[in-house]
DNA sequence: TTTGCATTGTTATTAAATTAACAATGTTTA
DNA sequence: TAAACATTGTTAATTTAATAACAATGCAAA
């Protein structure tokens with residue numbers, strides 16, 4: 001088994017964290033740091049130092065005692081693992097606010113992962129550029145995707161169009177889809193699909209805020225009860 | 001222990017799925033469906049029917065044999081669990097593309113969770129409205145948040161401003177923060193924080209696409225090897 | 001030199017999440 | 001009526017993820 005193959009068995013959560021570590025490390029590098037301890041990374045990511053060390057163990061990286069991890073080395077290793085050597089091209093379908101946000105957000109951030117095209121059905125948007133990325137007619141999705149060797153499609157259309165968009169992308173031979181609409185799509189086996197819905201995250205935050213509010217309210221009641229009980233004596 | 005209290009112990013993943021189930025159910029309701037089977041929900045969410053049934057068991061909802069679950073009843077129960085009776089108000093800080101996308105995305109979708117204000121430091125944006133939501137000067141965050149009883153803040157500023165924004169929100173007494181910038185923030189205990197970074201999700205998709213590409217390439221090699229081996233006989 | 005200390009790397013343990021297994025049930029069909 | 005079937009609800013088993021525990025290391029200070 002090749003060394004590279006061991007990476008195929010990395011836990012999904014570790015993959016996510018590696019991406020996050022790298023981003024934190026890049027910021028540290030900008031600040032002229034050259035080494036970092038596991039507890040520093042942990043603090044940034046709100047996790048435990050053990051978790052960090054365990055992840056780094058899994059990818060076979062060793063730091064030095066008393067100095068910690070070499071930031072540049074670690075960035076390079078993470079790139080080896082999660083980036084594709086040849087680079088991967090990405091398209092955004094739906095050039096509304098969210099699509100444009102992603103382009104602005106992302107452009108120039110990664111060498112090996114580039115947004116290279118946008119698509120929309122709105123004639124006002126077709127032919128225009130956003131941050132250097134051309135917007136094409138969705139009708140030409142098939143050709144452009146093949147022509148530009150695009151392997152990943154991000155769906156940021158209105159949710160009413162999510163399924164037809166996914167079908168178009170699959171038809172065009174896309175390998176991975178990231179669906180940002182709140183309406184889940186279906187894709188055949190062999191196409192990697194990630195659904196991400198911003199409403200879910202917000203509702204989750206709301207739930208835990210509600211829980212905390214109720215907990216706080218209950219503990220007031222409890223204190224009052226205790227007071228009453230005490231006055232019974 | 002009150003019935004409500006059992007909900008506090010629901011697994012985090014179940015909370016997320018309940019939010020997703022509800023959204024799927026609302027769509028089904030629009031299509032004039034009144035009952036749904038566990039395997040139908042499962043198909044929509046790309047999970048197993050057992051997972052669905054287990055989640056519903058945890059919230060104490062029973063369906064009927066041969067008819068499945070009553071959609072309206074289930075929607076109401078999920079609302080009971082994850083929504084706050086009084087409703088929760090939300091502010092968006094950073095009225096760029098992402099902030100506007102969230103407002104358009106969300107407005108009018110939930111009764112009990114409302115985006116009621118936006119903030120920005122750009123004078124061109126202050127005083128304008130997006131989809132009925134006013135944009136205020138970030139300087140007045142403290143007052144507005146108290147005045148409008150805002151409990152959750154969503155950070156959609158440039159990442160360079162994420163930490164100062166989080167500090168302002170905490171200072172104003174916010175209970176929950178959802179950070180969409182790629183730069184993690186720190187908040188004191190008692191403030192619920194969710195970090196969501198769109199780059200991580202995209203890099204994850206890219207990783208699994210890369211893995212699949214390599215697997216496909218390897219299997220071609222293997223088939224060739226087999227061919228060679230066969231020709232040795 | 002030697003003791004103390006902070007840190008890494010790794011194994012063991014625990015906790016969380018998912019999946020499997022299957023009894024119970026009521027509907028439909030023979 | 002009885003057999004077959006599809007579905008729910010729940011416990012048991014498994015898998016995945018996180019945490020704890022601790023030996024090893026080597027620098028710094030006494």
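The values are calculated or read from the model by the stated rules, or taken from the named source; none is laboratory data. These numbers were taken from a predicted model, which means no experiment stands behind them. Cβ: placed from backbone, ideal geometry, glycine included. Neighbour counts: every protein chain shown.
Rundown of residues vs (1) within 12 Å of DNA strand C (Cβ to nearest atom); (2) away from every other protein chain (no Cβ under 14 Å); (3) surrounded by fewer than 19 Cβ atoms within 10 Å (Cβ to Cβ); (4) assigned to a helix (DSSP H, G or I), yes/no style:
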{"site": "B:13", "(1), (2), (3), (4)": "yes, no, yes, yes"}
{"site": "B:43", "(1), (2), (3), (4)": "no, no, yes, yes"}
{"site": "B:53", "(1), (2), (3), (4)": "yes, yes, yes, yes"}
{"site": "B:66", "(1), (2), (3), (4)": "yes, yes, yes, no"}
{"site": "B:69", "(1), (2), (3), (4)": "no, yes, no, no"}
{"site": "B:72", "(1), (2), (3), (4)": "no, yes, yes, yes"}
{"site": "B:89", "(1), (2), (3), (4)": "no, no, yes, no"}
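Specify which of the listed residues (B:155, B:82, B:103) is in contact with a helix residue (DSSP H, G or I) (Cβ under 6 Å, 6 or more places away or on another chain), within 27 Å of residue B:22 (Cβ to Cβ) and within 10 Å of chain A (Cβ to nearest Cβ). Full working, then the answer.
Values: B:155 fails: within 10 Å of chain A (Cβ to nearest Cβ); B:103 fails: in contact with a helix residue (DSSP H, G or I) (Cβ under 6 Å, 6 or more places away or on another chain).
After ruling out the rest, the residue left standing is B:82.
Would you mention how many residues in segment A:91-100 are in a helix (DSSP H, G or I), crowded, with 24+ Cβ neighbours inside 10 Å and either outside the structural domain of residue A:165 (by TED's automatic domain parsing) or touching a helix residue (DSSP H, G or I) at 6+ places or on another chain (Cβ under 8 Å) (or both)?
So in segment A:91-100, the residues in a helix (DSSP H, G or I) come out as A:97-100.
From the residues that got through so far, the ones that are crowded, with 24+ Cβ neighbours inside 10 Å too are A:98-100.
Keeping just the survivors that are either outside the structural domain of residue A:165 (by TED's automatic domain parsing) or touching a helix residue (DSSP H, G or I) at 6+ places or on another chain (Cβ under 8 Å) (or both) gives A:98, A:100.
Of the residues in segment A:91-100, 2 are in a helix (DSSP H, G or I), crowded, with 24+ Cβ neighbours inside 10 Å and either outside the structural domain of residue A:165 (by TED's automatic domain parsing) or touching a helix residue (DSSP H, G or I) at 6+ places or on another chain (Cβ under 8 Å) (or both).
Which number in (1) surrounded by fewer than 20 Cβ atoms within 10 Å (Cβ to Cβ); (2) at pLDDT 95 or above; (3) under 22 Å from the mean Cα position of the chain (by Cα); (4) in a helix (DSSP H, G or I) marks the one condition that residue B:8 misses?
Tallying (1) surrounded by fewer than 20 Cβ atoms within 10 Å (Cβ to Cβ); (2) at pLDDT 95 or above; (3) under 22 Å from the mean Cα position of the chain (by Cα); (4) in a helix (DSSP H, G or I), residue B:8 fails exactly one: (2).
What pairs come up if the first residue lies in segment A:21-40 and is without any contact (Cβ under 8 Å) to a residue 60 or more places away in the chain and farther than 13 Å from residue A:69 by Cα, the second is more than 16 Å from DNA strand D (Cβ to nearest atom) and assigned to a helix (DSSP H, G or I), and their beta carbons are under 7 Å apart, counting only those six or more places apart or on different chains?
As it stands, the answer is A:23/B:199; A:26/A:75, since those pairs meet every condition given.
Is it fair to say residue A:22 is within 12 Å of DNA strand D (Cβ to nearest atom) and part of a helix (DSSP H, G or I)?
Values: within 12 Å of DNA strand D (Cβ to nearest atom): no; part of a helix (DSSP H, G or I): yes.
No, not satisfied.
For segment A:106-120, what are the residues that are under 23 Å from residue A:170 (Cα atoms) and facing chain B (nearest Cβ under 10 Å)? Talk me through it step by step, then tell me what you get.
Taking segment A:106-120 first, the residues under 23 Å from residue A:170 (Cα atoms) are A:112-120.
Correct list: A:112, A:113, A:115.
Residues checked against (1) in contact with a strand residue (DSSP E or B) (Cβ under 8 Å, 6 or more places away or on another chain); (2) within 20 Å of residue B:109 (Cβ to Cβ); (3) touching a residue at least 40 places away in the same chain (Cβ under 8 Å):
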{"position": "A:115", "(1), (2), (3)": "yes, no, no"}
{"position": "A:130", "(1), (2), (3)": "yes, no, no"}
{"position": "A:139", "(1), (2), (3)": "no, no, no"}
{"position": "A:151", "(1), (2), (3)": "yes, no, yes"}
{"position": "A:158", "(1), (2), (3)": "no, yes, yes"}
{"position": "A:166", "(1), (2), (3)": "yes, no, no"}
{"position": "A:179", "(1), (2), (3)": "yes, yes, no"}
{"position": "A:196", "(1), (2), (3)": "yes, yes, no"}
{"position": "A:206", "(1), (2), (3)": "yes, yes, no"}
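Within segment A:62-89, can you find the residues that are within 16 Å of DNA strand D (Cβ to nearest atom) and under 27 Å from residue A:152 (Cβ atoms)? Give the derivation first.
Step one: filter segment A:62-89 for residues within 16 Å of DNA strand D (Cβ to nearest atom), giving A:62-70, A:81-82.
Selection gives A:81, A:82.
Just name the residue that is surrounded by the fewest Cβ atoms within 10 Å (Cβ to Cβ) out of those in segment B:29-41 that are assigned to a helix (DSSP H, G or I) and more than 13 Å from DNA strand D (Cβ to nearest atom). Walk me through it before giving the result.
Initially, segment B:29-41 is screened for residues assigned to a helix (DSSP H, G or I), giving B:29-30, B:38-41.
Adding the requirement that they be more than 13 Å from DNA strand D (Cβ to nearest atom) leaves B:29-30.
Details: B:29: 15, B:30: 8.
The extreme case among them is B:30.
Exactly one of (1) within 15 Å of DNA strand C (Cβ to nearest atom); (2) closer than 29 Å to residue B:173 by Cβ; (3) surrounded by 13 or more Cβ atoms within 10 Å (Cβ to Cβ) is unmet by residue B:59. Its number?
Result: residue B:59 passes all but (2).
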